[in-house]
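The block underneath contains the structure these notes are about, expressed in structure tokens.
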Amino acid sequence: MSTETYMREAIALARANIQAGGRPFGAVLVRDGQVIARAVNQMHESVDPTAHAEIQAIRQASQQLGSLRLDGCEIYASGHPCPMCLAAMHLTGIKAAYFAYSNDDGAAYGLTTAPIYAEMTHPPQEQSLPLRPLRPADEQGLYDEWSQRQA
């Protein structure tokens, strides 16, 4: 199959999701020419704000492959992946991501993640969501405990 074929499938999934009452997002995850996972945005069904198509495809692929790593995989998404989805792609080792519709395409419909990208370019202490270290004075050894259990 060609890369365009995978993208057409992601778009078809997104269109079917619209008909099912969902948002216009679908994703197809591929490794070595084989489709490993197909998914749609399921926020409307699960009432889970993280149930984006790309995240759902990553979850399915990890389960199917029995691995947290998805090295060598590519993902085809109907819309521009948000920062959360991109972070998940980096964490799992996905080698490439493609999208059909940009943030500019979706902006008029409220389907853009551009403001989130802009916010995330600020240092943590300057973001609207404060991120500050807070470790209790007597707390220590958490990572040492974990490391010892791994041995």
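The values are calculated or read from the model by the stated rules, or taken from the named source; none is laboratory data. Remember, predicted model here, so these are calculated numbers, not experimental data. Positions of Cβ are backbone-derived with ideal geometry, glycine not excepted, and every protein chain shown enters the neighbour counts.
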Within segment 105-121, track down each residue that is of a type outside the set (G, A, S), surrounded by fewer than 12 Cβ atoms within 10 Å (Cβ to Cβ) and modelled with pLDDT of 70 or more.
-> Y109
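Have a look at R23, R31, R38 and point out the one that is under 20 Å from M89 (Cβ atoms), at pLDDT below 95 and either in contact with a strand residue (DSSP E or B) (Cβ under 8 Å, 6 or more places away or on another chain) or not aromatic (F, W, Y) (or both). If you could, list the steps in order and put the result at the bottom.
Working: R31 fails: at pLDDT below 95; R38 fails: at pLDDT below 95.
Criteria check complete, one pass: R23.
What residue, of A10, A27, A20, A57, is more than 13 Å from the chain's Cα centre (by Cα), closer than 14 Å to Y98 by Cβ and small (G, A, S)? Break it down stepwise before answering.
Values: A27 fails: more than 13 Å from the chain's Cα centre (by Cα); A20 fails: closer than 14 Å to Y98 by Cβ; A57 fails: more than 13 Å from the chain's Cα centre (by Cα).
Of the residues listed, the single one that is more than 13 Å from the chain's Cα centre (by Cα), closer than 14 Å to Y98 by Cβ and small (G, A, S) is A10.
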Can you work out which of the residues in segment 56-76 that are crowded, with 20+ Cβ neighbours inside 10 Å, free of Cβ contacts under 8 Å to residues at least 40 places away in the same chain and in contact with a strand residue (DSSP E or B) (Cβ under 6 Å, 6 or more places away or on another chain) is farthest from V30 (Cα to Cα)?
-> Q56
Expected output for segment 77-106 (first residue closer than 17 Å to A12 by Cβ, partner surrounded by fewer than 19 Cβ atoms within 10 Å (Cβ to Cβ) and at pLDDT below 95, Cβ below 6 Å, 6+ apart or cross-chain) is G79/Y101
Counted residues in segment 90-107 being of a type in the set (A, V, I, L, M) and more than 16 Å from M7 (Cβ to Cβ) come to 2
